[in-house]
Every structure is written in C-alpha cells, then in structure tokens.
Amino acid sequence: MEVFLIRLLQFLLSISILVLLHEGGHFFFSKLFGVRVEKFYMFFDPSIGKWNGSLFKWKPKKSDTTYGIGWLPLGGYCKIAGMIDESMDVEQMKQPPQPWEFRTKPAWQRLLIMIGGVLVNFLLALFIYSMVLFYWGDSYIQTRDMSMGMKFNEEAKAMGFKDGDILLGTDKKTFTKFDVDLYRSLTDATRVDLIRDGKQMSLPIKEELNLLNMIKTQPTFVAPLVPADIDSVMPESPAASIGLQKGDKIVAVNGKSVDSWNEYTYEVGRLSDVLASKTTAADSLAIRKATIAILHKATGTTDTTQVTLSPDLKLGVAQSSIYDYYKETHLEYGFFESFPAGIKYGIGVLRGYVDDMKYVFTADGAKSLGGFGAIGSLFPAEWDWMMFWRMTAFLSIILAFMNILPIPALDGGHVLFLLWEMITGRKPSEKFMIWAEYIGIGLLLLLMVVANLNDILRWIGVM
C-alpha cells in the first residue's frame, strides 16, 4: 500500500504540473491576443445533478476568468470564448461574434493559441532535462566497460551472438550506454560491432528485428551480465530460512546451472509459467519447492538445498547491482552547458518515441498500451526527485506529441483545420467542427478504455 501511495502521489503531482502548464500555454496566447478565457480548470468538472462539479472555484474581481479544480482527475481545460472545444458550448456559437472571441481573431493568432500548450510542454521537457543534468549530472556504465559481457536469448544466439559478447555499436551508431536506444539501433542495423574473447569483430545482421519482441520476450534479446551474487537477505524470507547471507552466489536452480541473475530470472520465470497452469494448492506448493545450489562466500563450498519460494516465487533477496561490477561514467554539466545537452537529450527522447509509434498499430503494440496504472508504475517505488523530474519531462514530451496529432478534439485537430483555412482561405463550418469534436472525443474515450482495460488485464494476469 505504501508503494502504491508513493507512486500515486508522484503521478498526480507530475500530471498536475503538466496539465497546469499546458493549459497555461493556451491561456497565455489567448490573453496576448485579447481573447477571453471563461474557465481555467485543473481536472474536469462534469456536473452531477444540481452540483456544478467544482471542488473549488474562484473568480477575481474585474476578471472574465473563473479558476477552479474539478472532481474528475483526467486532465484539465481552458475554456476559450468563441471556440468549439470539449465543452461543446454550441449556444455561445449561436450568438453574434464578439471582438474578444477566438472565432473573430486572425487565423495565425488562433494557430498560436492552439499550439501554445504543446509548445509549453515541449519547452518544459527540454528545460527539465537540462536542469536534471545541471543538478545531478549524468551517470551510466558504458557498454565498452561491461567487461563480463552480455547475455543473449536463443533468438540472438541463432543470429550469431554469444554470451559474453560486448556490444560496441552498429554501422549507424556507436553505443555509449545500455538503454532502449541500443535496442532501437539493433532494429535498423546491418552490422553490429562487438568484442568477443578480447578481440574486436563485426557481426552481419541479416534479419529484421522487432523492438517490442526484443524487449518483451523473456529472456530479453540482450541484457548486461550481472552475476547472481546476493546483496542482502530479507528477514523471515525463504532465503533467510535456509541461511543465505550477503555475498553468497546462486549457481543452479532445479539442476540448471546459472551464472547470472539473467539466467536465474529466466528459470524462475519458467516456474511461473508452470505455476499458472496449476489449480490445486498441493500442485502449487510442489512447484514452489525449488532446489537451489549455493556457493557460500564464507567457506567457498557449494551447498545444494531445497527452499519453498513465496507464493509469487520470490526468494527474498536483494540482487547485486550492475554498478557493483563495472566502472561508472559520470558527467558533470555547468549551468550553460546543461542546456544544449538537455535539448539534445530531449530531442532524442522525442525521436525515439515517434519512431516507436509504428508498433502501436500492431497486435503486440495494442496490447502494450497502458493507462493510468501503467504510467503510474513508471515512477519509482521510493520518492526520488531525480527520477520524478525525468519522468515528468518524459510525460511532458508524450503529452506534447499526443496533443499535436491531427485528431479532432486534440490541439492537433484544431491546428489541422486552421492550416486548411490558412491555405484555402475557407473556414470549416461550425456544424462540421461540432461533429469532428464529437468523433474526436469518441476516439479518445475508446483509446482510454482500451489502455486502462489492458492495465486491468495485466493486473489480473490475463496479459
């Protein structure tokens, strides 16, 4: 419960900041061009019976804007006078146009008002990344320094990779750190440069790789090799019951040799697959009784013992970290140095996200969509300000990109119709705009239902 609350608070704080500043972008340009903003709301405020749906609202004297907080935490909105938006205020549109309304302003001003939110979100992400680099710097392990090499799954081995290979780069890019960009680079590669047995060589890539398959398959296509050394033992855990101690090494599970946490996780994953098919308590208990061989640090001897894992197949140990074995590279950035570095990093994140969008239209991509639960789970289980701001910047880029998509009801839909007007000189009819808004809202609600349904299915173990 504590982990859930920590993640929930981080998620709500992050989304609140992003929504507030996104709507603030629309608000700024509206005020700049003399357009009235009737409501500026954090969260939505649909009415319930006679209740107007506001948890809080306030209208300053001599102001045209009511500020408030709604009860439905699915975003927020800035109700701009004389505009067809998610409020669907068609009655206002039946009145004679007024000089302070959105619809009476030149197309270029309306365009800036509509892209204001996206612009703020994108600039915010670049600023956050810059400040994270300035305050914390950047720490990572270079792939070249992973001296024990990497672990590969069967698909990778069939292509010619071997456990212990150290990936250096491809024909298009030199690797620096092990992250999702490394996987992306492999999907586009025709050649991979690596170190094998101390010698540098190149391996031709003749097959087309799929990013989702590479990451979702267990074990993954490639991962850094981390020895199965025990960092600590949790009290009253299965590991504690058999006397495991810090520094001990797991060398086999159920007779299968393991040389890393990569392989240990895979073997336990196989038990999980078998466990899922069992229905009786006796069958489940039998599967959870694993035979584990341990190399004891204190004596240097190997002991084989049987242990009953927890119901979720946990041993109750903290695994050693990749940082225990490989040299860490740490880069510091001065205040002015951080901005070009942060901009470069942010643009790289955006480029990767846009490139990954092609997978959304596949069956596996649709299944990988996540709703509020999936987004919340991306935040760390403990409050970590660096990770919080990195996640906030990442979500800001996603919010900017998703909002600029040419879908009615999103900013990008309005931008599309405005560009059409600027090019052709013809304004879409109000009837067309209303129907487009209905269709766009319907599509967004459908996407939201699918994404959150995926979360539920993953939670109950169906996906």
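The values are calculated or read from the model by the stated rules, or taken from the named source; none is laboratory data. It should be emphasised that the depicted structure is a prediction, and the values quoted were computed from it without experimental measurement. Please note: Cβ atoms are built from the backbone with ideal geometry, for glycine as well, and neighbour counts cover all protein chains shown. Calculation scope for accessible area: heavy atoms of the full protein, side chains included, ligands and nucleic acids excluded. Shrake-Rupley method; radii C 1.70, N 1.55, O 1.52, S 1.80 Å.
Descriptive notes on the structure:
- Accessible area of the chain divided out per residue, in Å², using a probe of 1.4 angstrom: 54 Å²
- If you wrap the Cα atoms of the range 1-83 in a convex hull and average its projected area over all directions, you get 6.9 nm².
- Under 26 Å from the Cα of K94 - lysines, other chains or at least 8 residues apart: K31, K39, K50, K59, K62, K79, K105, K427, K431
- Given +1 at the Cβ of Lys and Arg, -1 at the Cβ of Asp and Glu and no other charges, the dipole of the chain around its Cα centre is 1160 debye to the nearest 20.
- With every protein chain in place, the range 230-273: carbon and sulfur % of accessible area (1.4 Å): 49 percent
- Spatial separation of Cα centroids for the range 187-202 and the range 47-71, in angstrom: 61 Å
- With Cα atoms, 0 to 90° folded angle of helix 107-136 axis to the chain main axis: 30 degrees
- The range 205-241 and the range 254-316: distance between their alpha carbon centers, rounded to Å: 15 Å
- Of (1) -0.64, -0.78, -1.06, -1.44; (2) -0.52, -0.65, -0.93, -1.32; (3) -0.46, -0.58, -0.88, -1.47, the label for log10 I(q)/I(0) by the Debye sum over Cα atoms at q = 0.08, 0.09, 0.11, 0.14 Å⁻¹ derived from the coordinates: (1)
- Rounded to 10°, Cα long-axis angle of helix 335-356 versus longest principal axis of the chain: 90 degrees
- Heavy-atom accessible surface of the range 108-226: percent carbon and sulfur, 1.4 Å: 55 percent
- Compared with the dominant Cα axis of the chain, that is its longest principal axis, helix 430-459 is turned about 20°.
- Antiparallel %, DSSP beta bridges [both residues in the chain], to 5: 90 percent
- Estimated from helical segments only, the mean residue ellipticity of the chain at 222 nm is -14500 deg cm²/dmol, where each DSSP H run of four or more residues counts as -39500 (n - 2.57).
- For the chain: relative contact order, % (alpha-carbon pairs under 8 angstrom, 6 or more apart): 18 percent
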